[in-house]
Amino acid sequence: MGGAPAPQPLPTSVGNKDSYSRVATGLPFIALTFDDGPHPQHTPRLLDILKQRNVKATFYVVATNARRYPEIMRRIVAEGHEIGNHTVTHGNLAKMSEAGVRQELTAAHEAIVATTGVAPRTMRPPYGAITASQKAWIRHDFGYPTIMWSVDPEDWKKPGASVVTSRLVSGATPGGILLVHDIHSSTIDAMPSTVDQLLGRGLKFVTVTQLIAMDGRG
Ligand code: NI
């Protein structure tokens, strides 16, 4: 009886790099990622837009929102999207202690599992703020590669839907990872035209883990 808790099994890692800002492939696939939700109005509206086009995306949720909107979390998973870890407090991980970062990621992981039954397999650091050594031990201990991005239209500055669309469409290339936020109405407004233009260019949308599986192929 008693003693140390049983060691956690080492999770199966996605990919073989500590971090990805894009994937090396000539295959016509990209990943669309939505950070900081779920939001009670904007996320369901986004899900409708994606469903109409049979497009799959990845949601880097903040655990406080995940706990607040478990039905939206379950809808995201039920409709074939992926959920990633974006911490609990949305703080700057690069300025936190190792114990603090571990607590952020563990609590967010548990909130995602509790609401959806599915474990996240990648993480994105708030503000992209993370050190190389943090990336290495997070991948080792959590099995998460750190997911950055190749296209950032700065939608949080609310430049208008048409500007968000043009920045995403002009920046997207095969293997690319597109960063936007599903907590802004204008970002959701930009999505129908963005998705339709990218589909029209022959690009196909996959989740982040699906995209990583193409690294070094094609
Ligand atoms: Ni964020």
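The values are calculated or read from the model by the stated rules, or taken from the named source; none is laboratory data. Here the structure is a predicted model, which means the values were calculated and not measured. All Cβ positions, glycine included, derive from the backbone under ideal geometry; neighbour counts span all protein chains shown. For the accessible areas, the whole protein counts, side chains as well, though only heavy atoms, and no ligand, DNA or RNA atoms are used. Shrake-Rupley method; radii C 1.70, N 1.55, O 1.52, S 1.80 Å.
Listing for the model above:
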quantity: Residues located in region 46-63, provided they are more than 12 Å from Ile183 (Cβ to Cβ) and touching a residue at least 40 places away in the same chain (Cβ under 8 Å); calculated: Ile49, Leu50, Arg53, Val55, Lys56, Ala57, Thr58, Ala63
quantity: Any hit, region 176-198, residues being polar (S, T, N, Q) and without any contact (Cβ under 8 Å) to a residue 12 or more places away in the chain; calculated: no
quantity: Test for Tyr60: is it within 14 Å of the chain's Cα centre (by Cα) and more than 16 Å from the ligand (Cβ to nearest atom); calculated: no
quantity: Members of region 127-148 that are within 16 Å of the ligand (Cβ to nearest atom), surrounded by fewer than 20 Cβ atoms within 10 Å (Cβ to Cβ) and touching a residue at least 60 places away in the same chain (Cβ under 8 Å); calculated: Met148
quantity: Residue satisfying all of: in region 187-208; part of a helix (DSSP H, G or I) and open to solvent by 30 Å² or more (accessible area, probe 1.4 Å); farthest from the ligand (Cβ to nearest atom) among these; calculated: Gly200
quantity: Scan of region 151-162 for residues that are of a type in the set (Gly, Ala, Ser) and open to solvent by 50 Å² or more (accessible area, probe 1.4 Å), ordered by number; calculated: Ser162
quantity: Members of region 165-186 found to be under 23 Å from His86 (Cα atoms), in a helix (DSSP H, G or I) and touching a strand residue (DSSP E or B) at 6+ places or on another chain (Cβ under 8 Å), listed by number; calculated: Leu168
quantity: Residue selected from region 89-108 under the condition more than 25 Å from Arg45 (Cα to Cα) and within 13 Å of the ligand (Cβ to nearest atom), by the criterion least open to solvent (accessible area, probe 1.4 Å); calculated: Leu93
quantity: Qualifying position, being closer than 20 Å to His81 by Cα, within 16 Å of the ligand (Cβ to nearest atom) and in contact (Cβ under 8 Å) with a residue 40 or more places away in the chain, among Ala119, Ala111; calculated: Ala111
quantity: Single residue of Thr165, Thr173 found to be buried (at least 21 other Cβ atoms within 10 Å of the Cβ) and either at pLDDT 95 or above or more than 22 Å from Val23 (Cα to Cα) (or both); calculated: Thr165
quantity: Residues of region 117-142 satisfying the condition of being part of a loop (DSSP other than H, G, I, E, B) and within 20 Å of Ala31 (Cα to Cα); calculated: Val118, Ala119, Pro120, Arg121, Thr122, Arg124, Pro125
